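Working notes for the structure below.
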Amino acid sequence: MDFTSVAANLRQVTVELIHDERILGSGIAWAPDWVVTNAHVASGVHAMLRRADGRQARGHVVAKDLEADLALLSVPGLGAAAAVAYQGELRVGSLVVAMGHPLGVRGAVTAGIVHAVGPLLPGGRTWIQADLALAPGNSGGPLADARGRIVGVNAMITGGLALAIPATDVMRFARGAMMSSK
């Protein structure tokens, strides 16, 4: 798959979280009517979400884990395709692609190499660390492998490296939150 196809597929599952026409960050259509993003992006209880095709829907936060920096929103009527998450091993040196809306630029793509997968500090939580150019607005968007499979959720930059929450952690959080909200 070439990167233009990867980018086109990622745009279908990446949404904007907006407030007063200002982009707060990104989210991933994780399942029909469900969006995953960072807890720091989903600051309120309600959010307006916009798909790449311009369609909008109102969502509300059903679960938030501040420590994991994850939030799950119920977004009835969003109608976005669901992301394909990858549970396989991501290795140092793997090519990754990030999608988001940095500084208000809709649907921007950046690519980089995985530097490490593991904790930043001994005993800390696992992060995907990559040399990607991220900015405010990328938070909550997908990090994908070269085949377009979601491997993580972009969270922040530290020490010049992008940090993403691994897809396995996101899946565990989303599955538990969806089950609890039923």
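The values are calculated or read from the model by the stated rules, or taken from the named source; none is laboratory data. As the structure is a prediction and not an experimental result, all values here were calculated from the model. Cβ atoms come from the backbone with ideal geometry, glycine included; neighbour counts cover every protein chain shown.
Have a look at 63, 68, 133 and point out the one that is surrounded by fewer than 18 Cβ atoms within 10 Å (Cβ to Cβ), outside any helix (DSSP H, G or I), of a type in the set (A, V, I, L, M) and assigned by TED's automatic domain parsing to the domain that holds residue 42. Walk me through it before giving the result.
Values: 63 fails: surrounded by fewer than 18 Cβ atoms within 10 Å (Cβ to Cβ); 133 fails: assigned by TED's automatic domain parsing to the domain that holds residue 42.
Being surrounded by fewer than 18 Cβ atoms within 10 Å (Cβ to Cβ), outside any helix (DSSP H, G or I), of a type in the set (A, V, I, L, M) and assigned by TED's automatic domain parsing to the domain that holds residue 42 holds for just one of 63, 68, 133, which is 68.
Scanning the range 82-96 for residues that are exposed (fewer than 13 other Cβ atoms within 10 Å of the Cβ) and modelled with pLDDT under 90, which turns out nearest to residue 29 (Cα to Cα)? Steps first, please.
Within the range 82-96, the first condition is being exposed (fewer than 13 other Cβ atoms within 10 Å of the Cβ), and the residues that meet it are 87-89, 91-93.
After this cut, where a residue has to be modelled with pLDDT under 90 as well, the list is 87-89.
Working: 87: 17, 88: 20, 89: 22 Å.
Within the range 82-96, the match that is nearest to residue 29 (Cα to Cα) is 87.
Every residue, every condition in (1) at pLDDT 95 or above; (2) assigned to a strand (DSSP E or B); (3) farther than 20 Å from residue 23 by Cα, yes or no:
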{"residue": "98", "(1), (2), (3)": "yes, yes, no"}
{"residue": "148", "(1), (2), (3)": "no, no, yes"}
{"residue": "152", "(1), (2), (3)": "yes, yes, yes"}
{"residue": "163", "(1), (2), (3)": "yes, yes, yes"}
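May I ask you to say which residue of 8, 39, 82 is farther than 15 Å from residue 137 by Cβ and not in a loop (DSSP other than H, G, I, E, B)?
Values: 39 fails: not in a loop (DSSP other than H, G, I, E, B); 82 fails: not in a loop (DSSP other than H, G, I, E, B).
When all the criteria are applied, what remains is 8.
Which of the residues spanning the range 109-130 are touching a residue at least 12 places away in the same chain (Cβ under 8 Å), surrounded by fewer than 21 Cβ atoms within 10 Å (Cβ to Cβ) and aliphatic (A, V, I, L, M)?
109, 111, 113, 116, 117, 120
For the range 8-61, which residues satisfy the criterion of being acidic (Asp, Glu) and under 14 Å from residue 106 (Cα atoms)? If you could, list the steps in order and put the result at the bottom.
Here is the first cut: in the range 8-61, the ones acidic (Asp, Glu) are 16, 20-21, 33, 53.
If the condition is that a residue be acidic (Asp, Glu) and under 14 Å from residue 106 (Cα atoms), then 16, 21, 53 are the ones that fit.
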